[in-house]
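Enquirer: Below is a structure I'd like to ask you about.
Just so you know, all these numbers are worked out from the coordinates, no wet-lab data involved. Keep in mind the model is a prediction, meaning the values are calculated, not measured. Every residue, glycine as well, gets a Cβ built from its backbone with ideal geometry; the counts of neighbours run over all protein chains shown.
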Amino acid sequence: MDEVLNPDELDQSQQALGKALDRARAGEDKELAVRVRELGEHVVRQLFGLLRMTRTHELDNQAFDKPVRDLLSTLTHLFDLLGAIHIVCVEDQVYVNDLRVRMDARADAGALLSGELRRHAVGGISFHDVPAEPLLRAMVSAFAHPPAEGTPRQALKDALTAAGLTAVELFGVFRFRVSGESTAAPSTTSTRKVAGRATGLIEATMDALGADRMPNPLPLRRVVTEILEVGPGAEGLWDQLDRGSPFSAHTTRVALLSMLIGRAAGLSDEALQDLGVAAMFHDVGYASREGALPARGDDPGHPGFAPPFERHGTAGARLLLRQRGFHQAKIRRALATLQHHRDYNDPQGKPSLFARILRIAEDYDTLLRREGGGYAPHEILPLMAPQAGTAYDPVLLQLLINTLGDWPPGSRVFTFDGRIVRTEGLVRDPERFSAPMGVVVRDIEGQVPEERQVVDLFEEGILGPA
Amino acid sequence: MSTEPLPPEVEAPEVAPAPPEPEVEPEIGTSLIGTDANKAIRALSRAARSFLLYDVQNEAIRQFLQEYRTAIATALQHGPLVLDVRPFELALHGEVVYLERDRERSLAFRLFRDGVRKLSLGEDVPWEELLRLLEILSIRFTGVRQSEDDVVTLLWKAGFKHIDITAVEGFVPEEEGEGTGDEEDGTARAETEASRRGANQIDAPPDWDLPGPLVGRVGFVGWAPIDPDELAALQEEASSRALANDALTLTAELLRATADPAELIRVDDVLHLIDEVRSFFLSEGQLDQTLAMVTLLETYARRDERLAAELARFSEPAALRRILGSMPPGATQAPPELLQLLDRLPGDHLSVLLDTMGEGQSQSKRAVERHLISHLLRERLDQVLPRIAIAPPPVALDLIRAIKAERRDQAVAILDHIIDRAEPELVEESLRLLAEIRDDELPRPLLLRVLAGPTEALRLHGIERVAGTADRGLFPAVAERLDGEAPSLKECDALGRTLARLDPTRTWVTLRPVIRPQGLVAQLKGGLGVGRVRQLAAVSAFGLLPQAEAEADLRWLAERASEEISSHCMRVLHRRRREGVKHG
């Protein structure tokens, strides 16, 4: 590489960078960071001030009125700018959404706040919503209490939950290994672990969204990336899903099927990643609650009801849009969530690409469910095929057919010698469309094999469904 | 460890004072390879953080890009760069080649926090990949609302061939604070995630997504090839080119849902989306989509004042600035969609446009602004003209061109507003306008202002015009100019000759005492104490007067006056003969 860029190269580089950064930071202006810092400084001072006041005043003292209102106002402004607010204390530094808050060294509020939180083994607080004034007082009160012995952070979390502060999340004290300490070598990706992580994350996402927290796509994006690395058709992914709840298993299967369709369609890595994340979120509408009543005094309130089928798409889009900032993935994810049960030939217009893919993947998996019909894998695509062009995008459906073949993964077939094989592989080529790889689940005597026996059904032949 | 002195501040071209340089990390490295690696990493880190301080188009960015390129090329001469990523440092074969403990500034921390544990740059890595790497790190450094991606997912998407990373499997940053900060393997991670389902466990109802799809007859399923054009169409739908359409569709469908009482989604839930989508359309210059969004909002704005407020924001100065900033290079006029947009939107766009003119130097932006001004000023000329008197010259000229494009009859009005300005470009414009304006079109008051203009070129033109009027009533105005201080000989000459032409008799009476003073003492002084301008003009005037004594008086003065006056007298006498001035 030449060391020097010529003027044209410099121009092009600058233009390319400019365009990319503008897109990535769409909606953020240069002053945003300045405003966040300023407001962050206010939050730190005000929060610490309130905690310190609890040493000398009861919380119902009028002296707290203004400081509480001030903190509430600052949190509201910050929330309006950022969405979720993440405050992290590290030694004497305080960071608000990764921006270091520049505290006056003389006042040392950063170190003091850090100390207050550390009493409870808390290193960070996330606000997924701005608590109402009574709840904010309850939060201050919880922090003001002496830390519990043993597991102070867990005790504090429980206290906040009991007070109704589900939108406030606590984190431990952050510590990183410094130079010289050994670092465990990262392991190569294990498909079984990836599957477990995926279902676990979906469940955690439902919990978080149901607790009014902000959508956090990043962990799901990481697991989608891992799935794409090993391949959405990889064996270990499909047979580990049932360790999670039926819902999380369903969501993960829909994601895998969607990514298979997307890959077959030749979508870019970026689009595949976005599609996978959209699929992970597609049914989060069921985490929202209609008619919820908060607890008041002796009245325990009511948790509310999940939306019905016809409203869960809109409910999901509403939850996803709480995430601030313009992003291509967010737009497509929300749109797919909104439209994913719509027919291909819907009078309102053809649904978006992601929605059409999700529709096919979703219906495939629903027909597998006992409540949805309990069909065997090999029966499903022939049932879906007549609706190509009406309910389903015909090209996308054919792509799934070309990928799964006559005997999709999970199908049970007899070989000619009487063994029962469960198919695991995808279509390798048109010639072997009806003959994937599989694993013997019953040998000739009808017994479960002691060791895993992989068979090539193109060699063995298939007698029929088991 | 020494700290490198800060490089000299780079001057930013913007009006605001130059921001400080990105702070410099420590210079470390013991071996030559280590030192070069350190320089390369610091150059990368500084370039990535520079976008916090500078706009992308700033000249300083070019410098950082060049430094980055040079430093990386030097480091890669030693072979591939394989860096171990630790919380606050990067190590090359065990040697620490980068150290920065400030979480906000530290490149190592950003990588470590996102789960990266090794970063490898191949020795043949092309500049395109290095630039993309810089882009990814810049996004992570500068974005405030970045919750969608981290370094790992961004790098994966980039599909590098010569840059590789090793990342912690299943890394989720928040969990690092749960215990000692040790990394957990995937199994423990799954357990941790499972354990989060405590009191707030939220499940989908057992009948989720039911009833299932309706099925009936069974169809045939077999392998079938897919037309490449159909695949291409699908890929196009997933590309960023289709994003604007998706954003508009999402907004439209959600707004429709807000009108459905059965749905729980409300206008409040959609306001942020509208703001973000509007910003996106404006930044990208998506005028079609912007128009469509305006149409959409107009429908709903009638029933909800918050949506009316969102509609009004399309008319804000910031919105117009973004549209103008998105015009492609080489644009010479505003696209029809932009004109339609401005016609549809409420608000005083002309004032907003007049306020934004002059920001930035882009030629295409100026061309579009001129076109927009022309479009908007039809009945608003009175609002635009006064701006010309005070706007910076380039803006004033743009306004003039815009006015002339729309109203060719405004030369006098324009001149009226710029005649007193001395900037060379505007003087030139004034002269151009004067050339267009006939004598009978030029009002007297304006002619007198030309006569008193800020530059000699204008004053000479004024003098010539006055002479052409043959209006004796203008004699005093011209005579008043004789009390000026530093006009050139040429201007004095023109003044004198004009006086003589306007009113020879009055000129003789007024100026004879200047040429040949009355009284012995005054005569002995020989014209000393008379103003230079007045005397030179008088000499010139006498060159045209028909009075018999005019020549004798000039000779008399020539023998007694200063060298300048005396020379001028001789020139005038010579000219008088040449022009054949006859005695009256």
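Enquirer: So what are the ³J(HN,Hα) numbers for the stretch A:274-286, from phi and the Karplus equation (6.51, -1.76, 1.60; θ = phi - 60°), rounded to whole Hz, Gly and Pro as x?
Expert: 5, 5, x, 5, 4, 5, 5, 9, 4, 10, 5, x, 6
Enquirer: Over chain B, what is the relative contact order in percent, taking alpha-carbon pairs closer than 8 angstrom and at least six residues apart?
Expert: Result for chain B is 5 percent.
Enquirer: Angle check, please: helix A:30-53 long axis (alpha carbons) against the longest principal axis of chain A (alpha carbons), in degrees 0 to 90, nearest 10.
Expert: For A:30-53 against chain A, the angle is about 60 degrees.
Enquirer: Would you please give the residues with an amide H less than 5 Å from that of B:Tyr98, counting only those at least 5 places away or on a separate chain, with H modeled from the backbone geometry?
Expert: For B:Tyr98, the qualifying residues are B:Leu90.
Enquirer: Sticking with this structure for a sec: Mind checking Rg over Rh on the stretch A:28-289, alpha carbons, Kirkwood formula for Rh?
Expert: Result for the stretch A:28-289 is an Rg/Rh of 1.03.
Enquirer: Which of B:Lys118/B:Lys157; A:Lys157/B:Lys157; B:Lys157/B:Lys365; A:Lys19/B:Lys365; A:Lys157/B:Lys118; A:Lys157/A:Lys330 have a Cα-Cα distance over 27 Å?
Expert: Violating the 27 Å limit, Cα to Cα: A:Lys157/B:Lys157; B:Lys157/B:Lys365; A:Lys157/B:Lys118; A:Lys157/A:Lys330.
Enquirer: Next question. Would you report the distance distribution of C-alpha pairs in the stretch B:322-462 as whole percents per 10 angstrom bin, up to the bin with the largest distance?
Expert: So the P(r) values, bin by bin, are 11, 40, 30, 15, 4.
Enquirer: Please list, ordered by chain and number, the residues whose modelled amide H lies under 5 Å from the amide H of A:Ala388; skip anything fewer than 5 residues away on the same chain.
Expert: none
Enquirer: Using a cut-off of 13 Å between alpha-carbon atoms, which aspartates and glutamates can reach B:Lys404, once sequence neighbours fewer than 8 places away in the same chain are excluded?
Expert: Partners within reach: B:Glu429, B:Glu436.
Enquirer: Under a cut-off of 15 Å between alpha-carbon atoms, report the aspartates and glutamates in cross-link reach of B:Lys39, not counting same-chain residues fewer than 8 places apart.
Expert: Result set, ordered by chain and number: A:Glu3, B:Glu4, B:Glu23, B:Glu25, B:Glu27, B:Glu67, B:Glu89, B:Glu95, B:Glu100.
Enquirer: On to the next question. May I ask you to work out the translational diffusion coefficient for the stretch B:57-98 at 25 °C, viscosity 0.890 mPa s, via Stokes-Einstein with Rh from the Kirkwood sum over Cα pairs, reported in whole µm²/s?
Expert: Rounded to a whole number, D works out at 206 µm²/s.
Enquirer: Let me test this: with uniform point scatterers at the alpha carbons of chain A, what is the Debye-based log₁₀ I(q)/I(0) at q = 0.06, 0.07, 0.12 1/Å?
Expert: -0.37, -0.49, -1.12
Enquirer: Would you list which aspartates and glutamates come within 16 Å of B:Lys161, measuring only between C-alpha atoms, while excluding same-chain residues fewer than 8 positions from it?
Expert: List returned: A:Glu229, A:Asp269, A:Glu270, B:Glu123, B:Asp124, B:Glu128, B:Glu129.
Enquirer: How big is the shadow of the Cα convex hull of the stretch B:265-350, averaged over all directions, in nm²?
Expert: 5.5 nm²
Enquirer: Then there's this: From Cα pairs below 8 angstrom and at least 6 apart in sequence, can you work out the relative contact order of the stretch A:405-466, rounded to a whole percent?
Expert: In percent, rounded to a whole number, it is 36.
Enquirer: From the phi angles alone, apply the Karplus equation (6.51, -1.76, 1.60; θ = phi - 60°) to the stretch B:48-54 and give each ³J(HN,Hα) in whole Hz, x where the residue is Gly or Pro.
Expert: 5, 7, 5, 6, 6, 9, 10
Enquirer: Just to confirm the number: angle between the C-alpha axis of helix A:246-264 and the first principal axis of chain A, 0 to 90 degrees, nearest 10?
Expert: The answer is roughly 70 degrees.
Enquirer: Taking every pair of distinct Cα atoms and averaging 1/r, then inverting, what Kirkwood hydrodynamic radius in Å comes out for the protein assembly as shown?
Expert: For the protein assembly as shown, inverting the mean 1/r across all distinct Cα pairs yields 34.7 Å.
Enquirer: Something else about it: Applying the Karplus parametrisation 6.51 cos²θ - 1.76 cosθ + 1.60 with θ = phi - 60° to the phi angles of the stretch B:502-509, what ³J(HN,Hα) value in whole Hz is obtained for each residue in order, glycine and proline being reported as x?
Expert: Coupling constants for the stretch B:502-509: 5, 8, x, 5, 5, 4, 4, 5 Hz.
Enquirer: Translational D (Stokes-Einstein, µm²/s) of chain B at 37 °C and 0.692 mPa s when Rh comes from the Kirkwood sum over C-alpha pairs?
Expert: Taking Rh from Cα pairs, D becomes 102 µm²/s.
Enquirer: Take the Cβ-Cβ distance between B:Lys161 and A:Gln453 as r, set R0 to 51 Å, and report the resulting FRET efficiency rounded to the nearest 0.05.
Expert: 0.85
Enquirer: Sticking with this structure for a sec: Would you please give the residues with an amide H less than 5 Å from that of B:Arg117, counting only those at least 5 places away or on a separate chain, with H modeled from the backbone geometry?
Expert: Residues meeting the amide H criterion: B:Thr166, B:Ala167, B:Val168.
Enquirer: Continuing with this model, one more query. For chain B, what is the mean residue ellipticity at 222 nm derived from helices alone (per DSSP H run of n ≥ 4: -39500 (n - 2.57); sum divided by total residues; nearest 500 deg cm²/dmol)?
Expert: -17500 deg cm²/dmol
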